[in-house]
Amino acid sequence: MYHKDLQEFIKFLDKKGELHRIKREVDPYLEITEITDRVSKSYGPALLFENVKGSKYPLLINAMGTYERMAMSLGVKDVTVVADEIEHLIKLDQYSSLMGKIKSIPKLAPLPFIFPKKIKKASCQEVIEDADLDTLPILTCWPEDGGPFITLPLVITKDPISGTQNMGMYRLQKYDKKTTGMHWHLHKDGKEIYENHRKLDIKKMPVCVALGCDPSLIYSATAPLPKMIDEMIFAGFLRKSPVETVKAVTCDIYVPACAEFILEGYVEIDELRKEGPFGDHTGYYSLEDMYPVFHVEKVTRKKNPVYPATIVGQPPMEDCYIAKATEKIFFPLIKMLIPEITDMNLPLEGVFHNCAIVSIKKSFPKHAFKVMNSLWGLGQMMYTKMIIVVDDTVDVQNLSEVMWKVFNNIDAKRDLMISEGPLDALDHSSNTPFFGNRLGIDATKKLKSEGYDREWPNDITMSEDIKKMVDKRWSDYGFGK
């Protein structure tokens with residue numbers, strides 16, 4: 001079951017007992033962050049602030065802030081359901097015979113209908129106004145932030161060369177009622193489209209920002225998709241229904257018809273302005289730097305919209321559960337490219353790019369090093385500062401078990417790989433921005449063919465017959481069932 005828009009999702013959460021309404025007036029300057037941070041870290045509900053100081057619009061936050069709500073947002077009981085669907089679609093062997101092709105038709109039938117559908121009239125354009133960002137309940141999240149930030153924007157751009165649209169999530173610092181920063185990182189698709197405008201000497205780059213969409217669209221804007229896959233197509237796949245789009249009022253960009261707000265405007269190609277600091281998902285402030293400026297010309301909206309927001313900072317927070325969904329959903333694609341990987345864990349403390357733990361079926365010398373280099377060659381996995389590789393007998397979701405292997409199995413000279421390469425723009429530890437040194441740790445059992453001439457000890461485990469006997473007698477020992 002997919003949710004046609006954000007307000008339908010709010011009603012769904014309310015019905016499920018997953019929404020807490022706050023009627024008391026609250027301040028978007030720091031107060032909402034402190035409330036949300038406490039609720040988020042206690043694995044609490046989504047929050048709907050109905051009376052935000054200085055704005056007539058209610059604010060929704062922490063909507064995807066648990067594993068269960070993240071799955072609910074995609075219309076499934078568990079995000080592994082989506083992963084299983086992707087895994088089935090990419091199993092090439094099922095198409096190898098005529099019978100296989102025939103059997104696959106029911107699975108493939110929905111695919112042609114996941115492409116965006118253009119309509120002429122949409123709820124996101126019920127009201128059309130001149131730009132005034134002062135009316136929105138934009139959050140100042142942390143004490144050292146450079147100002148208020150729009151934290152859950154779906155930034156939509158159009159490549160002037162290919163004509164294809166892109167949708168990504170890039171924070172927007174509000175400067176005044178008509179301008180914001182545009183936080184495009186060096187390696188992001190939005191930045192590439194920006195540079196393509198420069199190549200063609202197009203001085204004004206049209207940009208639209210959708211605020212508050214169907215949750216599958218919000219998730220899709222964060223997903224690490226290949227360049228050739230439109231985020232709105234992926235959202236259509238997730239919801240099993242095409243995303244309806246409507247032409248923007250001021251430009252040729254098509255925007256989600258279900259959005260609560262659309263900010264329409266442009267970026268001046270040669271204009272930069274200081275942006276930041278910002279309390280980021282790393283748990284540290286990202287420093288101020290020069291970024292493009294987004295000029296808002298028009299705001300279109302529903303008659304009674306809800307403003308969406310999120311906060312980031314020291315984990316766990318809402319963004320962690322979004323990231324864990326990505327880990328599960330895109331694992332089949334990683335496994336297709338690196339089939340020896342049996343499981344993966346991106347721990348919350350690693351804040352997405354700082355740590356990946358993988359288990360492998362080891363079959364040849366230095367196999368772990370091959371896997372490390374393969375992972376660093378996969379899209380956004382290039383940012384991963386630390387990759388830990390263990391044997392397939394190790395549960396990578398059990399950090400205690402993983403650390404036991406790391407602390408006991410490695411020889412520092414033999415089992416560590418240092419690789420220089422790209423790093424996330426938010427990484428503060430490297431001496432240089434955008435690149436530095438990444439660490440690979442081989443915590444697998446060592447083979448004779450790797451030069452290990454000693455006898456590798458077995459893990460201490462109890463025999464199965466004794467374990468089964470104790471299981472049967474457990475209540476007899478006075479412990480209960």
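Only the coordinates and a few stated rules stand behind these numbers; no lab work does. All figures in this text were calculated on a predicted structure; none of them were measured in a lab. Quick reminder, even Gly has a Cβ in these numbers, built from the backbone with ideal geometry, and neighbours come from all protein chains shown.
Here are some notes:
- GLU349, GLU340 arranged by Cβ crowding within 10 Å, fewest neighbours leading: GLU349, GLU340
- The charge dipole of the chain, taken about its Cα centre with unit charges on the Cβ atoms of Lys, Arg (+1), Asp and Glu (-1) only, comes to about 1340 debye.
- Hits among aspartates and glutamates - C-alpha to C-alpha of LYS361 under 15 Å, sequence gap 8 or more where chains match: GLU340, ASP343, ASP391, ASP392, ASP395, ASP442
- Relative contact order for region 6-308, counting Cα pairs under 8 Å that sit 6 or more residues apart, in percent: 22
- Using the Cβ-Cβ distance between TRP474 and ASP391 with R0 = 41 Å, the FRET efficiency computed as 1/(1 + (r/R0)^6) comes to roughly 0.85.
- In nm, spacing of pseudo-spin labels at GLN380 and ASN398 (7 Å Cα→C-beta vector): 3.0
- Trypsin sites (Lys or Arg not before Pro) within region 11-88: DSSP coil, no more than 15 neighbouring Cβ in 10 Å: LYS16, LYS23, ARG24, LYS53, LYS56, LYS77
- Estimated dipole of region 372-457 in Debye, rounded to 20 [Cβ of Lys and Arg +1, of Asp and Glu -1, Cα centre]: 180
- A straight line joining the Cα centroids of region 339-374 and region 235-271 runs 37 Å.
- At R0 = 56 Å, FRET efficiency that the Cβ-Cβ distance of SER55 and PHE364 yields, to 0.05: 0.40
- Above-threshold pairs, the threshold being 28 Å between Cα atoms, out of LYS11/LYS302; LYS204/LYS240; LYS118/LYS274; LYS298/LYS328; LYS303/LYS324: LYS204/LYS240; LYS118/LYS274; LYS298/LYS328; LYS303/LYS324
- Relative contact order, percent, region 338-450 [alpha-carbon distance under 8 Å, six or more residues apart]: 27
- Spin-label proximity, ARG273 to region 15-52 - amide N less than 12 Å from point 7 Å beyond Cα toward beta carbon: none
- Value of relative contact order over region 116-243, rounded to a whole percent, pairs C-alpha under 8 Å and six or more apart: 24
- Sorted by Cβ neighbour density within 10 Å, fewest at the top, the residues GLU195, GLU50: GLU195, GLU50
- Over the chain: helical MRE at 222 nm, DSSP H runs n ≥ 4 each giving -39500 (n - 2.57), nearest 500: -8000 deg cm²/dmol
- Cut-off of 10 Å, at most 13 other beta carbons, DSSP loop: longest stretch of the chain lacking such chymotrypsin sites (Phe, Trp or Tyr not before Pro): 44-478
- Ranking of MET372, MET290 by neighbouring Cβ atoms within 10 Å, starting from the fewest: MET290, MET372.
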